[in-house]
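A.B. asks: Structure below; questions to follow.
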Amino acid sequence: MAGALVLSACGGLGIDGGERAATTATVLPVNLTAVPIPGATEASLDKPVTISVTEGTLSAVSVSAPDGPLAGKLTPDATSWASTGTLVPSTTYQVAATVVDTSGGTTPQQWEFTTGGPSIVFKATLSPGDNATVGVGMPVVVKLSVAVAPADRAAFVKHLTVTSSPAQNGAWRWFSDKELHWRPAVYWTAGTKVTVKAAVAGYNAGGGAWGVKDVTTNYSIGDAHVSKVDTQTHQMAVTNNGAVVKMFPVSTGNTKYPTKSGIHVTNEKLRTTTMDSATVGIPRNSPDGYYETVEWNVRISNSGEFVHAAPWSVDSQGRANVSHGCVNASPTDAEWFYNFSWTGDVVEVVGSPEQLEPTNGIGDWQIPWANWAN
């Protein structure tokens with residue numbers, strides 16, 4: 001719907017030869033049309049805001065919400081203004097425009113309108129969370145409440161920004177239509193400060209789904225904790241900012257259930273947990289089954305691989321691989337590693353015949369940088 005306002009003005013007084021004389025100028029009425037109409041309470045989200053006049057021109061047009069102005073552009077002849085920015089659902093906008101009539105007289109106009117609410121709210125959840133400190137292997141993870149079609153992905157990524165100090169080269173990769181990750185070309189530099197913003201307010205996800213709120217997270221990268229587990233020598237070397245700080249014997253997965261080779265990223269710490277073989281497809285009552293309370297657990301994949309305390313395999317640690325895929329350590333060494341670890345630390349496993357899948361936990365670094373961006 002459009003609303004039309006009719007404005008008129010008359011001439012003033014002029015000065016001629018020092019004498020004051022009344023003059024009258026004929027001024028055509030100015031017609032102003034606005035979409036949405038002034039006072040609208042359910043303004044459409046997918047149509048631009050337009051303001052136009054006849055028998056006059058526009059100047060100083062502004063449309064603003066509490067979060068800032070709505071971008072727009074005046075036509076070359078200054079008779080029409082149209083928004084170029086996106087409207088945000090359930091938001092009240094203040095409009096101010098100055099109308100110039102044919103004699104040059106100006107009339108300020110002000111009104112407001114409110115946009116309608118979305119039928120579905122489109123949300124973006126960012127990880128790591130605000131004020132977190134994470135390891136050098138931790139990617140930015142964005143999870144979406146509504147799927148983004150492949151054809152729309154390139155446009156959606158323009159709503160996302162990653163800035164860091166110091167700056168590091170990186171790129172996005174889609175893991176599904178509702179999840180994408182950003183990582184640098186190489187591990188983060190220790191001490192980096194990172195800000196991630198998803199400017200999704202006003203984003204039209206289709207099917208009645210609209211973004212209503214931008215989200216931002218600020219976090220830090222801690223010291224560079226990179227560990228190497230060698231399944232052939234049965235040793236784990238832990239480094240801090242490039243220097244080896246501890247080396248201890250381990251026992252990794254046996255021939256039937258090998259620990260996967262590749263670059264793992266720690267993604268959870270559990271002081272104690274119950275490990276149940278049934279959760280990874282091994283019946284508890286089978287010869288390989290287990291149901292055990294385990295201490296000092298640092299998860300390195302989602303298929304059940306942890307670095308954890310295993311007092312039952314101490315005699316094999318440093319000599320043989322007897323686990324079901326986990327990295328077994330003594331209670332003393334496992335406790336030390338648990339307390340040392342950040343979420344997002346790197347654990348590189350070598351010597352195993354099986355490779356970690358990129359979607360198994362945080363397997364982002366399993367994808368070569370040349371193949372990363374999609």
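The values are calculated or read from the model by the stated rules, or taken from the named source; none is laboratory data. Keep in mind the model is a prediction, meaning the values are calculated, not measured. Cβ placement follows ideal geometry from the backbone for every residue including glycine, while neighbour counts extend to all protein chains displayed.
A.B. asks: Take the residues of region 283-309 that are within 38 Å of the chain's Cα centre (by Cα) and among the small types (G, A, S): which is nearest to H264 (Cα to Cα)?
C.D. replies: Result: S301.
A.B. asks: Taking the condition of being part of a loop (DSSP other than H, G, I, E, B), under 30 Å from V146 (Cβ atoms) and not β-branched (V, I, T), how many residues in region 193-231 meet it?
C.D. replies: Residues in region 193-231 being part of a loop (DSSP other than H, G, I, E, B), under 30 Å from V146 (Cβ atoms) and not β-branched (V, I, T): 8 in total.
A.B. asks: Next question, about the same structure. Check region 268-275 and report whether any residue there is touching a residue at least 40 places away in the same chain (Cβ under 8 Å) and either in a loop (DSSP other than H, G, I, E, B) or of a type in the set (S, T, Y) (or both).
C.D. replies: Scanning region 268-275, I find no residue that is touching a residue at least 40 places away in the same chain (Cβ under 8 Å) and either in a loop (DSSP other than H, G, I, E, B) or of a type in the set (S, T, Y) (or both), so the answer is no.
A.B. asks: Something else now. Quick one: count up the residues across region 56-84 that are surrounded by fewer than 16 Cβ atoms within 10 Å (Cβ to Cβ) and not polar (S, T, N, Q).
C.D. replies: Final tally of qualifying residues: 11.
A.B. asks: Mind listing just one residue for me: the one in region 253-282 that is of a type in the set (S, T, Y) and closer than 25 Å to P139 by Cβ and, of those, nearest to the chain's Cα centre (by Cα)?
C.D. replies: Among residues in region 253-282 that are of a type in the set (S, T, Y) and closer than 25 Å to P139 by Cβ, the one nearest to the chain's Cα centre (by Cα) is T266.
A.B. asks: Among the residues of region 235-256, what is the count of those that are touching a residue at least 24 places away in the same chain (Cβ under 8 Å), surrounded by fewer than 21 Cβ atoms within 10 Å (Cβ to Cβ) and not in a strand (DSSP E or B)?
C.D. replies: 4
Residue-by-condition table, conditions (1) within 39 Å of the chain's Cα centre (by Cα); (2) not aromatic (F, W, Y):
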site	(1), (2)
S64	yes, yes
G68	yes, yes
V88	yes, yes
Y93	yes, no
A97	yes, yes
V100	no, yes
Q110	yes, yes
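A.B. asks: Go through (1) without any contact (Cβ under 8 Å) to a residue 40 or more places away in the chain; (2) surrounded by 14 or more Cβ atoms within 10 Å (Cβ to Cβ) and name the single condition K47 misses.
C.D. replies: (2)
A.B. asks: Can you spot a residue in region 366-373 that is surrounded by 14 or more Cβ atoms within 10 Å (Cβ to Cβ) and farther than 26 Å from T189 by Cβ?
C.D. replies: no
A.B. asks: Has region 157-166 got at least one residue that is without any contact (Cβ under 8 Å) to a residue 60 or more places away in the chain, outside the structural domain of V322 (by TED's automatic domain parsing), over 17 Å from the mean Cα position of the chain (by Cα) and within 23 Å of W342 (Cβ to Cβ)?
C.D. replies: There is at least one residue in region 157-166 that is without any contact (Cβ under 8 Å) to a residue 60 or more places away in the chain, outside the structural domain of V322 (by TED's automatic domain parsing), over 17 Å from the mean Cα position of the chain (by Cα) and within 23 Å of W342 (Cβ to Cβ).
A.B. asks: How about region 131-167: which of its residues are charged (D, E, K, R) and either over 25 Å from G363 (Cβ atoms) or in contact with a Gly (Cβ under 8 Å, 6 or more places away or on another chain) (or both)?
C.D. replies: D152, K158
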